[in-house]
Amino acid sequence: MALLLVVLPQWLIIVIIGAIAGWLAGMIVDADGGGLLLDIVLGIVGGYIAVNYIFDGVLRLTGYHYVDLTITATIGAAVLALIVKLIRKATNR
């Protein structure tokens with residue numbers, strides 16, 4: 001049985017993981033739904049914040065790098081989505 005490896009450009013992997021993490025974070029925080037673009041931005045920025053400032057690296061939970069990166073990015077994106085939700089709620093008064 002042949003193993004098929006698909007090599008994707010790094011930027012595309014970042015966008016895909018960002019989209020998944022942002023979507024999951026929106027579901028966790030119950031965000032108001034800013035659409036796919038906001039999900040991708042929240043996922044990428046939240047992942048960057050989580051990896052570099054919250055956890056000082058990617059959490060090693062499953063042994064699969066991209067799964068661990070998605071979990072780490074989701075946590076960071078959820079924190080960021082919560083901050084955005086609180087700011088939106090405070091400015092709508």
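Where a number appears in this text, it was derived from the coordinates with a stated rule and is not lab data. Remember, predicted model here, so these are calculated numbers, not experimental data. Here the Cβ is made from the backbone with ideal geometry for all residues, glycine too, and neighbour counts use every protein chain on show.
Before moving on, here are some points about what is shown:
- Excluding exposed DSSP-loop chymotrypsin sites (Phe, Trp or Tyr not before Pro) (at most 15 other C-beta within 10 Å), longest clean stretch of the chain: 1-54
- Crossing angle, helix 65-91 versus the chain [Cα axis fit, 0-90 degrees, rounded to tens]: 10 degrees
- Axis of helix 36-49 versus longest Cα principal axis of the chain: the two differ by about 80°, to the nearest ten degrees.
- Size of charge dipole - the chain - debye, nearest 20, with Cβ of Lys, Arg +1 and Asp, Glu -1, no other charges: 260 debye
- Nearest 10 degrees, 0 to 90: helix 10-29 Cα axis against the chain principal axis: 40 degrees
- Legend: calculated FRET efficiency, residue 15 to residue 86, from the Cβ-Cβ distance at R0 = 22 Å, rounded to 0.05, equals 0.25.
- Structure-derived mean projected area of the Cα convex hull in nm²: which label, when the choices are [x] 5.6; [y] 7.2; [z] 9.4: [y]
- Calculated [θ] (222 nm, deg cm²/dmol) that DSSP helices of n ≥ 4 give over the chain, each run adding -39,500 (n - 2.57): -22500 deg cm²/dmol
- Taking every alpha-carbon pair under 8 Å whose residues sit at least 6 apart, region 26-91 reaches a relative contact order of 41 percent.
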